[in-house]
Ligand SMILES: [Zn+2]
Ligand SMILES: [Zn+2]
């Protein structure tokens, strides 16, 4: 099967033929149908997220089951599936309390995070090198063997490009706002960064009937695009101070702010743009060594809250199921996120579009 492999950080992906093994106990062989090209893959290529190589990236995936291993329950060949990049066991304390995004088994051993749970590879190149699969997935390949616990079976009528995006950016963004505790209708919201995740936070704010929905970015065309997802106001942070402007629009600061990008400067601005008792949510992944310098008196006097939010702030498969149902009943906009479809052979062009800061999502289709 053909796959795009990252052999060395900073280099282009190489399209090569790999051999793929059979699914073992608790594993499933999936034929890929669509894979979104996410900024996190881009971060791995450029070394901001340190992952082992050689690796097949791609964690925003949809496909059709070809074969199941022993003891796989509730999944059969021919099923359409979305994949979670946290494979949740269902038995640890986090899974049992509804926080499968923090599954202890998934995070227990960094050595196996990008291999199957028995610490072996399912894919090898022609020289018999074992190839890592990003978070046990690896969607930039025609096929994958993945743990059954990473799969959500979905109705066949969901288009694969839509299903793929639910695998990462829609769940992270939409879930990241609608799953916040006690968020109220009529709140004011500011979203920093209008990439795939940011646009889905805007969409979530719209679905919660947020009052003012302010999109912040440094690109005018991304801000123009943000209006399609519910932004009522936009701010180009290159031209004006977003904190001052947000305070002006909302008469003192927003109830909720989100950093969908992941940077110390933006996180600080997200906290500073809150009104009293506001909540700043950090959704984007920054460099592992990043810190943020916040004014403590501002936090105390104004009773501000800062939360981290990972993969939709809840069990990913539960959030995904909710989003699939909302898609099928016309309550969430996903197709407009898809800017362009690429063949696997064009994958490096899809990443160049991220460098150029193009709107929306590129999706690899198989
Ligand atoms: Zn992603
Ligand atoms: Zn678990």
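Readers should treat all values here as calculations from the given coordinates under stated rules, not as data from a laboratory. Values in this document were obtained by computation on a predicted structure and should not be read as measured data. With ideal geometry, Cβ positions are generated from the backbone for all residues, glycine too; neighbour counts draw on all protein chains shown.
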Mind giving me the nanometre distance, one decimal, between the label points for residue 209 and residue 296, set 7 Å out from Cα along Cα→Cβ? 4.1
Which length gain, in nm to one decimal place, applies between residue 31 and residue 305 when the Cα-Cα distance is subtracted from 0.36 nm times their residue separation? 94.3 nm
So how tilted is helix 196-207 from the main axis of the chain? Cα-based, degrees 0 to 90, rounded to 10. 60
Determine, for each peptide in 151-158, 269-276, the mean count of other beta carbons within 10 angstrom over its residues, then list the peptides with the highest first. 269-276, 151-158
With only alpha-carbon atoms in the gyration tensor, what are the semi-axes of the equivalent ellipsoid for segment 181-308, in Å, largest first? 20, 17, 14
Go ahead and run the numbers for FRET between residue 66 and residue 341, Cβ-Cβ distance against an R0 of 30 Å, rounding to 0.05. 0.85
Can you tell me how much longer the chain between residue 24 and residue 352 gets when fully stretched, taken as 0.36 nm per residue apart minus their C-alpha distance, in nm with one decimal? 114.4 nm
Let's test the formula: R0 of 41 Å, r as the Cβ-Cβ distance of residue 126 and residue 219. What FRET efficiency results, to the nearest 0.05? 0.45
To the nearest Å, what is the center-to-center distance of segment 21-60 and segment 305-366, using C-alpha atoms only? 15
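If you count, for each residue, the other Cβ atoms within 10 Å and average over each peptide, how do 211-220, 62-71 line up from highest to lowest?
In decreasing order of mean packing, 211-220, 62-71 become 211-220, 62-71.
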Quick one: if the Förster radius is 30 Å, what FRET efficiency do residue 17 and residue 228 give, using the C-beta to C-beta distance and rounding to 0.05? 0.15
I need the Debye-formula profile for the chain: one equal scatterer per C-alpha, no solvent, reported as log10 I(q)/I(0) at q = 0.07, 0.10 1/Å, two decimals. -0.29, -0.59
Let me know the shape class of segment 1-83, please: from the alpha-carbon gyration tensor, a ≥ b ≥ c as square roots of the eigenvalues, rounded when a/c is under 1.5, otherwise prolate if a/b is greater than b/c, or oblate. prolate
Cα centroid separation, segment 155-192 to segment 219-249 (Å): 20
A correct fewest-to-most ranking of 121, 351 by other Cβ atoms within 10 Å would be 121, 351
Most exposed first by the Cβ proxy, i.e. fewest other Cβ within 10 Å, how do 134, 32, 296 rank? 296, 134, 32
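Subtracting the Cα-Cα distance from 0.36 nm times the residue separation, let me have the gained length for residue 328 to residue 7 in nm, one decimal. Before the final figure, lay out the partial values.
Working: separation 321, 0.36 × 321 = 115.56 nm, distance 3.94 nm.
That pair, residue 328 and residue 7, stretches by 111.6 nm at full extension.
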Order of 76, 340 from fewest to most other C-beta atoms within 10 Å? 76, 340
Could you work out the equivalent-ellipsoid semi-axes for segment 169-226, taking the square root of 5 times each eigenvalue of the Cα gyration tensor, largest first, in whole Å? 19, 13, 8
Give me Rg over Rh for segment 63-173, both radii from the alpha carbons and Rh done the Kirkwood way, two decimal places. 0.96
Rounded to 5, the percent of DSSP beta bridges in the chain classed as antiparallel: 55
Using alpha carbons only, how many degrees (0 to 90, rounded to 10) separate the axis of helix 347-356 from the longest principal axis of the chain? 10
